[in-house]
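The values are calculated or read from the model by the stated rules, or taken from the named source; none is laboratory data. Worth saying up front: this structure is predicted, and the values here are computed from it rather than measured. A quick note on method: Cβ atoms are made from the backbone with ideal geometry, for glycine too, and the neighbour counts reach across all protein chains shown.
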């Protein structure tokens, strides 16, 4: 079995080396999913942001793609919280987000995976275990669930992030980066785009937003 951790690619890796894949669109809670699942399995748990063809137990986490685009932009600017995205930045980061969504689509089309919507678990991490149980029949002791949720709470993860020097530094045990967490809020994208650019951002991402249930 592969050691638990982050892998950019699993090309050429045999399925017997993998227990569980925790895929996520970037900035969509896949680190928390990985932390909880790796607390159950001591090896073979993979965190990745790419499509992996191995047909093993897989979660796929995603988030309102407007939040994804804005979060990617914030991270690239060192987490600056008091600026607004320019028209060009909206185009750039919406395009980056669209590319990531195409990988999520591949998992959805394949089927047999556990889809995890960030908005469903960010304030209730135990939801992840309920979804995994429903999809794969995996039962985790409720006391173990409580223990893991406490161990990887937002506050504990923030403490880890504060000890690190920028996003490129990673804590290997938790997969937390420096400047990893802003406010972990739902709908925070609205703070960083003005009316016209907000409309443009939504237009660029309208198809996946509709497909994954973010538009009425």
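From the set of residues in segment 1-51 that are surrounded by 21 or more Cβ atoms within 10 Å (Cβ to Cβ), modelled with pLDDT of 95 or more and assigned to a loop (DSSP other than H, G, I, E, B), which is nearest to the chain's Cα centre (by Cα)?
25
Considering each of 144, 156 in turn, give the residue that is part of a helix (DSSP H, G or I), modelled with pLDDT under 95, surrounded by 12 or more Cβ atoms within 10 Å (Cβ to Cβ) and on the phi < 0 side of the Ramachandran plot.
Residue meeting the stated conditions: 156.
Inspect segment 166-175 for any residue being over 15 Å from residue 37 (Cβ atoms) and in contact with a helix residue (DSSP H, G or I) (Cβ under 8 Å, 6 or more places away or on another chain) and give the result as yes or no. Steps first, please.
Pass one, segment 166-175, residues over 15 Å from residue 37 (Cβ atoms): 166-172.
Checking the rest, the ones that are also in contact with a helix residue (DSSP H, G or I) (Cβ under 8 Å, 6 or more places away or on another chain) come to 167, 171.
Yes: segment 166-175 contains one or more residues that are over 15 Å from residue 37 (Cβ atoms) and in contact with a helix residue (DSSP H, G or I) (Cβ under 8 Å, 6 or more places away or on another chain).
Kindly list the number of the only condition in (1) over 23 Å from residue 147 (Cα atoms); (2) modelled with pLDDT under 95 that fails for residue 123.
Answer for residue 123: the failing condition is (1).
So, residue 116, is that one at pLDDT 95 or above, in contact with a strand residue (DSSP E or B) (Cβ under 9 Å, 6 or more places away or on another chain), surrounded by 13 or more Cβ atoms within 10 Å (Cβ to Cβ) and not in a helix (DSSP H, G or I) or not?
Yes; evaluated as a whole, the condition is true for this residue.
Based on this model, can you work out whether residue 72 counts as surrounded by fewer than 21 Cβ atoms within 10 Å (Cβ to Cβ) and more than 24 Å from residue 110 (Cα to Cα)? I'd like the intermediate steps shown before the answer.
Numbers: surrounded by fewer than 21 Cβ atoms within 10 Å (Cβ to Cβ): yes; more than 24 Å from residue 110 (Cα to Cα): yes.
It is true that residue 72 is surrounded by fewer than 21 Cβ atoms within 10 Å (Cβ to Cβ) and more than 24 Å from residue 110 (Cα to Cα).
Can you tell me how many residues in segment 175-197 are part of a helix (DSSP H, G or I), within 18 Å of residue 77 (Cβ to Cβ) and at pLDDT 85 or above?
4
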